[in-house]
């Protein structure tokens, strides 16, 4: 789909009569990393998973986008799909985009999974942290080679110049004030062993959003939603309630 002069790849499936759920993946990933969650919700909900620009089968941005640019692209894409007031489920970078979206536009419910919202003073690469996390989880071994292929080297230097600057733009953006305007019910899910975004940030985020609830998963990492996928699916179902239409 042509958005902001580039092609953005997305897939839609599931229950056409159900409420729409939009899934946004993390940095260096793609649609496939959100499917374990989405597939388990597809009987009852309309599923939309997006390859964020510069990832998967979507084109790179024509210039170094800000998180705001990503948010606006998602908004335009959803308008073209005639999706109004969706539930957003975002992991990591996708969660930051989701938080900004929910602070500006109507969202039914919001689910953020290990999502940064402050400027990251620690210069350790997001990719380094993510790969470290993958290596520690036996259940995620099958994702490790996939992640290496998607992410390149253990830091951001192998990314294109545009995507390198996008990463800088992203980690330097603080949206602490923005998230205070989020009014929709919000589920925050974090692992106690998250190395990419510290658990203390989760408690802070919960305080900043008026209708937020935090669930901390013991022994889980930045990929808590994959390690404890059924538990997270049940939480999302509970958040969305019994009426899915």
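Read the figures in this text as sums done on the coordinates, not as results from a lab. Treat the numbers as computed from the prediction; the structure is a model and nothing was measured.
The figures follow:
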read-out: Debye-sum result for the stretch 1-98 in log10 I(q)/I(0), which assumes one identical scatterer on each alpha carbon, at q = 0.10, 0.11, 0.20, 0.22 Å⁻¹; value: -0.23, -0.27, -0.94, -1.15
read-out: When the convex hull of its Cα atoms is projected in every direction, mean area for the stretch 24-76 (nm²); value: 4.0 nm²
read-out: Debye log10 I(q)/I(0) for the stretch 173-245, one point scatterer per Cα, at q = 0.12 Å⁻¹; value: -0.36
read-out: Euclidean distance between Cα centres, the stretch 1-33 to the stretch 50-99, Å; value: 8 Å
read-out: Anisotropy class of the stretch 165-209 from Cα gyration tensor, a/c 1.5 cut; value: oblate
